[in-house]
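Notes follow once the structure below has been shown.
Please treat every number below as a calculation from the coordinates, not as lab data. Everything quoted here is computed from the prediction, not taken from an experiment. Glycine also receives a Cβ, built like all others from the backbone with ideal geometry; neighbour counts cover every protein chain displayed.
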Amino acid sequence: MLLAADFIIHSALFGKLRWAGGGFKDRLKPYEVLSLGKFHHAIGKAKSMKMRLLLSLLPSLMLLGGCDLLTAKKPPGDIPIRFVDLQKTDDCMYEVELANQRWNVDYLAFYLSEPQVRIEGRWQAVSFVPSKWQSRKLALMQFHDACNSNETNTVIKLDANKKLLDRASAISFTIGLPFSDNHSLSDNSPPPLNNAAMFQSLRAGHSFMRIELQQANEPQALWSFMLASGECHADNEDQAPRRCDKPNRVTLELPLRFNVEDLRLHAKLSQMLFRADMSAGTECNLATPEGSECRKVLSNLTGRDWIRWDAPHQVYLKQN
């Protein structure tokens, strides 16, 4: 590209000046021979023109390069999740409309575990990419902060290459934690189990999903939902249980077409909470007996189409 720029500059300079018997003659003044000083001035001016031209061509070079100079293509195992029914407010929060009422989203997060891909009819375990939000086995997804990206994790990061995903006919996750990881919390807990806001007690363990809402027009009207294991047998809240009769873990199975090019998920909070009893002041915690009326939300998580790929299947097919 520099050669092309040199050609343009030399054309601009020597289109005006022509060689004539040991000196340059100006076409605008055909009978005046340039002095050596004028010639050096012309060369300096040409160099300045060259720099300005190169700077002006830089945006075009970036476009021709597919903007790879500015952004890198996301890894094939990165799967963004976007809640498409959340509206950003001026105070860095999200709002959602539920049953003709506007609610502020104070908290929205859930754990994922047991990532798998289905290849030729058989499920094959894969791992998450470790970070402050993920271990190899677990991931914490968090969505409620509309401005601070450090307080959100909206991209599942799988340690899976393109060749593997090209062969996959489905991806699955579990919303929840394995029993062995669920009933412990300490200052030394590795990420993502070190999030105290998702922990209830040693007996109940962690909330697998936590939703906190506030009516937009009535700030005192609150509603919450916590997905957690129920009927956990322990002598008191400060002891880890021997077992939990209601694990309340939810499996997400997301079918894929072969040769997937790019993975993105759309979710809807309104579908998760469809026809749920959202009386103000209600706390729906499936870790407690009082949370039984909120099994409607659990039913929605297992039975309604609240999360899906963000476009028709053919969008994800590679074009031959």
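Here are the numbers for this structure:
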quantity	calculated
Distant-in-sequence amide H partners of ARG264 (H built 1.01 Å from N, under 5 Å)	ASP310
SER184 long-range amide H proximity, modeled H, under 5 Å	none
Residue-by-residue Karplus 3J(HN,Hα) for segment 110-125, coefficients 6.51, -1.76, 1.60, Hz, glycine and proline x	7, 8, 10, 8, 6, x, 9, 10, 9, 10, 6, x, 10, 7, 10, 5
For segment 78-316, share of DSSP beta bridges that run antiparallel, in % to the nearest 5	90
Pairs beyond 27 Å (Cα-Cα), from LYS73/LYS137; LYS88/LYS246; LYS246/LYS296; LYS137/LYS246; LYS132/LYS296; LYS157/LYS246	LYS88/LYS246; LYS132/LYS296; LYS157/LYS246
Point-to-point label distance, SER279-THR251, nm (Cα→Cβ direction, 7 Å offset)	3.5
Order of LYS162, LYS296 - criterion: other Cβ atoms within 10 Å of each residue's Cβ, fewest first	LYS162, LYS296
Segment 133-141 - phi-based ³J(HN,Hα) in whole Hz, Karplus 6.51/-1.76/1.60, Gly and Pro as x	9, 9, 9, 5, 9, 10, 9, 10, 9
Residue-by-residue Karplus 3J(HN,Hα) for segment 152-169, coefficients 6.51, -1.76, 1.60, Hz, glycine and proline x	10, 9, 10, 10, 6, 10, 9, 7, 9, 8, 5, 4, 5, 5, 4, 8, 6, 9
Long-range amide H partners of LEU252 with built H, under 5 Å	PHE173, THR174, ILE175
Residue exposure sequence - LEU158, LEU177 - by fewest surrounding Cβ within 10 Å	LEU158, LEU177
